Amino acid sequence: MLNIDESAQKGVKLGPFTVTRNDIRQFAEAMGDIHPYYIDAEVAQKAGYADVIAPPMFCMRLRGGRMLPEVTLPSGLTSLHAGQEIEFYDEIVAGGRYTITARVADVYEKTGRSGSMDIIVRESVVRDATDRTIITIRERQIVRSPEKKL
């Protein structure tokens, strides 16, 4: 089984950073999802939000498009993304200040049809300025020898 560096288990902290209306608009347009709540502050405020809100998957943009913390694999191993779960507790709102704390939550070995593999489970938590959890992201990464077929 993989030995993960202790610092990865403690995790990394990103932020605090402020999400702007422009950040949200650019993301929504790039995704082709221009719901009025994402681009029109007046419409969002009439719906009860303080400002425009971010599309749900905006949380993935916040952490820079990569799994965190980064884990250096021993030579000769390869990996692939093996899924994710996201729990939403509230919306990301323009003007809000957020931090992300990411850590390796678990590492375990599993045997599949083609043999053994290690699974790295990462957990990232997005919190607002009051330290309230807004979103929790759990991701799995399969690590194995490249000679084994997936």
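The values are calculated or read from the model by the stated rules, or taken from the named source; none is laboratory data. All values reported here derive from a predicted model rather than from experimental measurement. Positions of Cβ are generated from backbone atoms using ideal geometry, with glycine treated the same way; all protein chains shown enter the neighbour counts. For accessibility, only protein heavy atoms count, side chains too; no ligands or nucleic acids. Shrake-Rupley method; radii C 1.70, N 1.55, O 1.52, S 1.80 Å.
Taking the criterion of being closer than 14 Å to Leu62 by Cα, out of contact with any strand residue (DSSP E or B) (no Cβ under 8 Å at 6 or more places or on another chain) and β-branched (Val, Ile, Thr), the only residue of the range 20-50 that qualifies is Thr20. Residues of the range 115-129 being over 20 Å from the mean Cα position of the chain (by Cα) and either closer than 13 Å to Ile4 by Cβ or open to solvent by 50 Å² or more (accessible area, probe 1.4 Å) (or both), which ones? The answer is Asp118, and nothing else. For the range 77-92, the set of residues classified as assigned to a strand (DSSP E or B), open to solvent by less than 60 Å² (accessible area, probe 1.4 Å) and touching a Cys at 6+ places or on another chain (Cβ under 9 Å) consists of Ile86 only.
Report, by residue number, each residue of the range 4-39 that is free of Cβ contacts under 8 Å to residues at least 24 places away in the same chain, of a type in the set (Val, Ile, Thr) and assigned to a helix (DSSP H, G or I).
Here is the first cut: in the range 4-39, the residues free of Cβ contacts under 8 Å to residues at least 24 places away in the same chain are 6, 22, 26, 29-30, 32-39.
Retained after the next criterion (residues that are of a type in the set (Val, Ile, Thr)): 34, 39.
Once the filter is applied, which keeps residues that are free of Cβ contacts under 8 Å to residues at least 24 places away in the same chain, of a type in the set (Val, Ile, Thr) and assigned to a helix (DSSP H, G or I), the range 4-39 yields only Ile39.
Annotation: Glu42 fulfils all but one of (1) assigned to a strand (DSSP E or B); (2) of a type outside the set (Phe, Trp, Tyr); (3) free of Cβ contacts under 8 Å to residues at least 12 places away in the same chain; the unmet one is (1). Give the range 14-42 a look and list any residue that's under 19 Å from the mean Cα position of the chain (by Cα) and exposed (fewer than 12 other Cβ atoms within 10 Å of the Cβ), or say none. Hit for the range 14-42 is Ala30, nothing else.
Among Lys46, Lys13, which is the only one that is in contact with a Ser or Thr (Cβ under 9 Å, 6 or more places away or on another chain) and of a type in the set (Lys, Arg)? I'd like the intermediate steps shown before the answer.
Values: Lys46 fails: in contact with a Ser or Thr (Cβ under 9 Å, 6 or more places away or on another chain).
Within the list Lys46, Lys13, the selection yields Lys13.
Check the range 73-92 and report whether any residue there is among the small types (Gly, Ala, Ser) and touching a Leu at 6+ places or on another chain (Cβ under 9 Å).
Taking the range 73-92 first, the residues among the small types (Gly, Ala, Ser) are 75-76, 79, 82-83.
Subset that is touching a Leu at 6+ places or on another chain (Cβ under 9 Å): 79.
Yes, the conditions are met somewhere in the range 73-92.
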